[in-house]
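Notes for the one structure printed next.
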Amino acid sequence: MDFLNAFVALSNFVLIPAIAYGSQLALGALGVTLIYGILRFSNFAHGDTMAFGAMVTILITWWMQSVGISLGPLPTALLALPFGILGCMALLLFTDRVVYKFYRVQKAKPVILVIVSMGVMFIMNGLVRFVIGPDDQRFADGERFIISARTFREMTGLSEGLAFRTSQGITIVTAVVVVAALFWFLNKTRTGKSMRAYSDNEDLALLSGINPERVVMYTWMLVAGLATIAGVLYGLDKSFKPFTYFQLLLPIFAAAIVGGLGNPVGAIAGGFVIAFSEVMITYAWKKVAGYLIPAWEPEGLVQLLSTDYKFAVSFVILLIVLLFKPTGLFKGKAV
Amino acid sequence: MNETLKNTGLFAIVGVLILITGFSQSWNSALLIVNMGLISAIMALGVNLQWGFAGLFNVGVMGFVALGGLAAVLVSTAPVGEAWQAGGVGILTALVMGAATITATVLVYSKMPAGRLRTVVILALLIGGFFLYRSIFDPSVAAVEAINPAQAGNIGGLNLPILVAWPVGGLLAAGAAWVIGKTALGLRSDYLAIATLGIAEIIIAILKNEDWLARGVKNVIGLPRPVPYEVDLQNDPGFVESATNLGIDPVTASSLYVKLGYSLLFTAVLVILLVMVQMALKSPWGRMMRAIRDNEVAAEAMGKDVTARHLQVFILGSAICGLAGAMMTTLDGQLTPGTYQPLRFTFLVWVMVIVGGSGNNFGAVLGGFLIWFLWVQVEPIGLFLMETITAGMADGSWLKEHLLDSAAHMRLLTMGLILLLVLRFSPRGLIPEK
């Protein structure tokens, strides 16, 4: 019984949150990795792209809520999501046309593009704060829990409760669907294949008649979709605040690099590696330990690091990977 | 138009902008802009050393600046005697233990033959070391933080003059830069960017949460000053008399006097640094740096140790940022970890370097002043713009209120726009590299 209780506590505080957070990071890292593979630079504006997509979705959600459109038990934001993606696509395609294209034609060095993306980051960040303000925004509605801690206790008779929030369920389901669709697109469709070819070898791809502008356009559209979905899911699960999205840049990049920049499978694996380490290292293990080893009564919380240092976790993992396996766990492009 | 004339003209324009502020707003705000402009110029010099000379992409300026601020606290405040008795020694022991664990791990990794035994030894060392460290560290920290938490709760400093903190800030930043440089240099340029971004966030997290060190988000206020206090000046009959003779009222005069004092100190530091980096740029070392930047492969073939040189310049540049950080905390008279924002401290400095002209030290200085001036003035200008735009709208309409409220965020938009425009139409900046 104690073992079951320990497992339930572990699922409640570690496994489920880490899987949800990992899915969000994986979606974010997929966007970063796609841009790196095809456009060949690290996009510093990615966090703010996520914020922008989420912001459009939130505005439309509010409008839908005000006219009484809802999805019943599911959050209205899911209905607004496609519009958010469209808005984000429009912004990214516009940015590509007026900003990035110039440097692509010039064949500028990647680091110049990184600096340019920094400028874009400033503008997007300013734009989001300008429209929605720098504060926390709430836009989740519908049923809060799939299983609440109390129902679970009544159902099973265990003393430990397991809460499974709707936002977590939606995150996991959406992430699985989106990733499956993305891989189907990259592996089976003509456009997806041309994208992979372009990423593998630009010159060969050009020789075989692939239109680079088309590839770039599809990349931005995919990135807009991934970024908006990741942003909305994160916002539903935690909360929407422009600055948090900027800070997500670090774990997202860590995930992409740990998995191997430019490698989509790696980005997903990296997302979960980062999320699990972050949650496990900052979790106070006292409760779980109490069930497993009843004789041991620790003084503190049995927490390896306080949650304020969660960025340090992704950072240390990043350093270890850079030191020992600079190409990432799965073979990425970077050297 | 000859080049010297053009550059002097550019500096003159910035000077006139500041003078206009002085005449139209107040001399106080003009001097504030000058002082922060001087500090910004020094930060820009540091980043220019890394990016302009060596092509290294450092986006962790904020972290190094914050370390400088920490140095100001650790050097200048009075030590808290009880705290040292309660747990200061314990904390130091724990930190030394932690460092020893890591050193031992590195030694084992490099000296022992690879194999299962080495992995086991390393794991044992790390895990054992961590728990030992925590078992000494945690109680000491609790003891220190329990002492007079409303006013202290930290170990205090060394009670030395705050000017000593400036070079110490540089040293702290250099130490952090060494750790980062050792791991991330020699890999792709993007990796250094991510690593520096990370270390900056971690340094800020440490400053915010380690209350025993510098009181965390409870802030340290009232740091000692290298210049006299306004109140003392106002009580000094000699000062009041000379102020009245000049026709300024003593209160204004005292605050101007203090700010001018800071300006002189900062100018001295800036001039010394500028002479040094100019000499470095013109020396064989500077030429080697630029050769490495322009063609790493060729430089390596000529026998230059690219990674070591990169490490060197990375440490130097970060040290300058740390120095500037200590100066800034001195100017503020307080350390408030909550106010360190990457957009303000890292990316703004980048805009300064790029707009001024990467690779040119005078460009970096010009960029520092100009962008700081804009950063301060864009907000009132934005508000004025918004008021003009919304003038026709009905009072109390939500759009009008929203637009007026949002004027504050015009800053980021403007800075991003300036950066993109300069990169696109004048990528070498206002004063290009020779």
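The table for this structure:
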quantity	calculated
Any hit, the range B:417-433, residues being in contact with a Gly (Cβ under 8 Å, 6 or more places away or on another chain), surrounded by fewer than 20 Cβ atoms within 10 Å (Cβ to Cβ) and more than 25 Å from A:Ile115 (Cβ to Cβ)	no
Helices (runs of 4 or more DSSP H) enclosed by the range B:300-391 - at least 2 residues per element that are among the aliphatic types (A, V, I, L, M) and farther than 18 Å from B:Phe57 by Cβ	B:306-332, B:361-390
Only listed residue being without any contact (Cβ under 8 Å) to a residue 60 or more places away in the chain, surrounded by 12 or more Cβ atoms within 10 Å (Cβ to Cβ) and not basic (Lys, Arg), chosen from B:Leu95, B:Leu117	B:Leu95
Residue in the range B:170-186 that is part of a helix (DSSP H, G or I), away from every other protein chain (no Cβ under 12 Å), of a type in the set (Lys, Arg) and farther than 24 Å from B:Gly88 by Cβ present	no
First in the range B:390-408 and under 14 Å from B:Pro380 (Cα atoms), second anywhere and acidic (Asp, Glu) and in a helix (DSSP H, G or I), Cβ under 8 Å, 6 or more apart	B:Leu404/B:Glu387; B:Ala407/B:Glu379; B:Ala408/B:Glu379
Selection within the range B:392-403 - surrounded by 12 or more Cβ atoms within 10 Å (Cβ to Cβ) and either modelled with pLDDT of 85 or more or more than 12 Å from chain A (Cβ to nearest Cβ) (or both)	B:Met393, B:Lys400
Residue among A:Thr244, A:Thr282 that is among the polar types (S, T, N, Q), under 13 Å from the mean Cα position of the chain (by Cα) and more than 11 Å from chain B (Cβ to nearest Cβ)	A:Thr244
Candidate set from the range B:208-222 (those that are assigned to a helix (DSSP H, G or I) and out of contact with any strand residue (DSSP E or B) (no Cβ under 8 Å at 6 or more places or on another chain)); member that is surrounded by the fewest Cβ atoms within 10 Å (Cβ to Cβ)	B:Val217
Selection from the range B:274-286 of residues that are assigned to a helix (DSSP H, G or I) and over 16 Å from B:Phe369 (Cα atoms)	B:Val275, B:Met276, B:Val277, B:Gln278, B:Met279, B:Ala280, B:Leu281, B:Lys282, B:Pro284, B:Trp285, B:Gly286
Members of the range B:43-89 found to be farther than 21 Å from B:Ile203 by Cβ and touching a Ser or Thr at 6+ places or on another chain (Cβ under 7 Å), listed by number	B:Asn48, B:Gly52, B:Gly87
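To keep it simple, each residue is scored yes or no on (1) on the phi < 0 side of the Ramachandran plot; (2) surrounded by fewer than 16 Cβ atoms within 10 Å (Cβ to Cβ); (3) over 21 Å from the mean Cα position of the chain (by Cα).
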| position | (1), (2), (3) |
| --- | --- |
| A:Ile268 | yes, no, no |
| A:Ile274 | yes, no, no |
| A:Ile293 | yes, yes, yes |
| A:Trp296 | yes, yes, yes |
| A:Val302 | no, yes, yes |
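Listed here are the residues, each with its yes/no results for (1) within 13 Å of another protein chain (Cβ to nearest Cβ); (2) farther than 25 Å from B:Phe131 by Cα.
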| position | (1), (2) |
| --- | --- |
| A:Phe272 | no, yes |
| A:Glu297 | no, no |
| A:Leu305 | yes, no |
| A:Leu329 | no, yes |
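The values are calculated or read from the model by the stated rules, or taken from the named source; none is laboratory data. Computed from a prediction, not measured in an experiment: that's the story for all the values here. Methodologically, a virtual Cβ is constructed for each residue, glycine included, from the backbone with ideal geometry; neighbour enumeration extends over all protein chains shown.
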